[in-house]
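Structure record follows, encoded as structure tokens.
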Amino acid sequence: MTTSTSVLRKLVSFDTTSRNSNLLLIEWAADYLQAHGGRVSVLHNSTRDKANLLATVGPECEGGVVLSGHTDVVPVDGQEWTSDPFDLAEREGRLYGRGSSDMKGFIACSLALLSNTDLRRLRRPLHFAFSYDEEVGCVGAHALVTRVAAHVPRPAFVIVGEPTDMRIGVAHNGVIGSHTTFRGVAAHASDPSRGVNAIDAAAAFIRFLGEIARLPQMADQGCTLNVGQICGGAATNIVAERCRVRWECRTSTQEARSAIDKLVTDYLAGGAFAALQVANEVELDVPAFASRFPQESIALMRELGAKLPLTTVPFGSEAGIFQREQLATVVCGPGSIDQAHRPDEWIACAALEEADRFLLKLVAWMSQTSSA
């Protein structure tokens, strides 16, 4: 068993579903890093039930590299797994477990570096930035990236190790998640005209979102809208007083986002909903990512084993948050997003080995060159 597989087995054993605490994983990783000479900071949230981790090995100087990953995973509820999702299982060259692909595989390879190479030779620092609650809106990353920007000597670049099959990701859409609440008037279902049905209003709103998604100026720019949850009503014999719609849009430009915001705001303020109370609240905001990664750094990534062509990844990540702090960033990691979030999530053993080789070459480069 390789070191990265052994570390991944341990990481998967922690049930860090976003609704749970990630502290056991963070504490284990902190101990692992400290045992290998890492200078570690554990950064708790306000309720101290979750934490980010920021650690450094090597010299205190500019020009280092940040390896970034999120520690949380999506739920397994309602999924049919053929093995325990929190006990890594190896079958026919694949490693099965929740988070194996998204994205504990990259974190495992990053930590395995501490055992697989002599980090005392580093001439540039290697930073580890592990966050909480990425899957529910990059909640932890904002504070973590602020800490990196304020307290870490300016790094040469950041690698966000989301699963891209080691292709170099340089862009992705932003994600705005909202919940829109309708409050009507309850009445007996024997005479619905005496009430105002919030579910009817929500249904009309959902149809409107579908119309926005089909507008050429949206579809042609790769914008998408999706209704993920609707909840309302109390019983079939009561006109529904309340209904809530959770939905998201993904856009590549601020112009597209602003256009959707205006269309939705104007629609909800229209006369069709005059008899209802309507509230629309943004609950997650993942910025779009358009990398300003230098060409020489792309060439370096290619030399180390990352793959071309450059790609726009089909999912959101924390890369846009790093980019917003003017930190050169790419998305590049082992495994495929096609295997993520599904029952029997897996990553190929060969994918971990590929990432191991890439990171070992990265450390070799950091040991041979300085930022001066």
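The values are calculated or read from the model by the stated rules, or taken from the named source; none is laboratory data. No experiment lies behind these values; they were computed from the predicted model shown. Neighbour counts run over all protein chains shown; Cβ positions are idealised from the backbone, glycine included.
At-a-glance table
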| read-out | value |
| --- | --- |
| Number of positions in segment 136-165 that are crowded, with 20+ Cβ neighbours inside 10 Å and of a type in the set (D, E, K, R) | 1 |
| Failed condition for VAL227, given (1) more than 30 Å from VAL330 (Cα to Cα); (2) within 27 Å of the chain's Cα centre (by Cα); (3) among the aliphatic types (A, V, I, L, M) | (1) |
| All positions within segment 348-363 that are crowded, with 22+ Cβ neighbours inside 10 Å and basic (Lys, Arg) | none |
| Meets criteria (more than 24 Å from VAL313 (Cβ to Cβ) and either of a type in the set (A, V, I, L, M) or out of contact with any helix residue (DSSP H, G or I) (no Cβ under 6 Å at 6 or more places or on another chain) (or both)) for GLY228 | no |
| Selection from segment 274-296 of residues that are surrounded by fewer than 16 Cβ atoms within 10 Å (Cβ to Cβ), modelled with pLDDT under 95 and either basic (Lys, Arg) or touching a Phe, Trp or Tyr at 6+ places or on another chain (Cβ under 9 Å) (or both) | ARG292, PRO294 |
| In segment 244-273, residue farthest from GLY233 (Cα to Cα) [restricted to those that are surrounded by 12 or more Cβ atoms within 10 Å (Cβ to Cβ) and among the β-branched types (Val, Ile, Thr)] | THR253 |
| Odd one out for GLN326, checked against (1) polar (S, T, N, Q); (2) assigned to a helix (DSSP H, G or I); (3) loosely packed, with under 14 Cβ neighbours inside 10 Å | (2) |
| Number of the exception - ALA203 against (1) small (Gly, Ala, Ser); (2) in contact with a Phe, Trp or Tyr (Cβ under 9 Å, 6 or more places away or on another chain); (3) assigned to a helix (DSSP H, G or I) | (2) |
| Odd one out for ASP49, checked against (1) in contact (Cβ under 8 Å) with a residue 24 or more places away in the chain; (2) part of a helix (DSSP H, G or I) | (2) |
| Matching option when the condition is aliphatic (A, V, I, L, M) and either in contact (Cβ under 8 Å) with a residue 60 or more places away in the chain or exposed (fewer than 14 other Cβ atoms within 10 Å of the Cβ) (or both), among ALA89, ALA29 | ALA29 |
| Residues being in contact with a Gly (Cβ under 7 Å, 6 or more places away or on another chain) and either among the polar types (S, T, N, Q) or surrounded by fewer than 20 Cβ atoms within 10 Å (Cβ to Cβ) (or both) - total across segment 222-243 | 1 |
| Matching residues, segment 73-108, being closer than 11 Å to LEU352 by Cα and aromatic (Phe, Trp, Tyr) | PHE106 |
| Tally of residues being under 22 Å from GLY161 (Cβ atoms), part of a loop (DSSP other than H, G, I, E, B) and not small (Gly, Ala, Ser) across segment 251-310 | 4 |
| Residues located in segment 11-66, provided they are over 21 Å from the mean Cα position of the chain (by Cα) and aromatic (Phe, Trp, Tyr) | TRP28, TYR32 |
| Flag if LEU122 is touching a Leu at 6+ places or on another chain (Cβ under 9 Å) and aliphatic (A, V, I, L, M) | no |
| Cβ pairs under 6 Å, 6+ apart, first in segment 125-138 and aliphatic (A, V, I, L, M), second in a loop (DSSP other than H, G, I, E, B) | LEU126/GLY58; VAL136/SER18 |
| Complete set of residues in segment 107-141 that are of a type outside the set (Asp, Glu), under 13 Å from the mean Cα position of the chain (by Cα) and modelled with pLDDT of 95 or more | PHE130, SER131, TYR132, GLY140, ALA141 |
| Per-region count, segment 291-309, residues of a type outside the set (S, T, N, Q) and without any contact (Cβ under 8 Å) to a residue 24 or more places away in the chain | 2 |
| One residue from ALA288, ALA203, ALA274, ALA256 being closer than 30 Å to ALA319 by Cβ and without any contact (Cβ under 8 Å) to a residue 40 or more places away in the chain | ALA256 |
| Per-region count, segment 57-95, residues out of contact with any helix residue (DSSP H, G or I) (no Cβ under 9 Å at 6 or more places or on another chain) and part of a strand (DSSP E or B) | 2 |
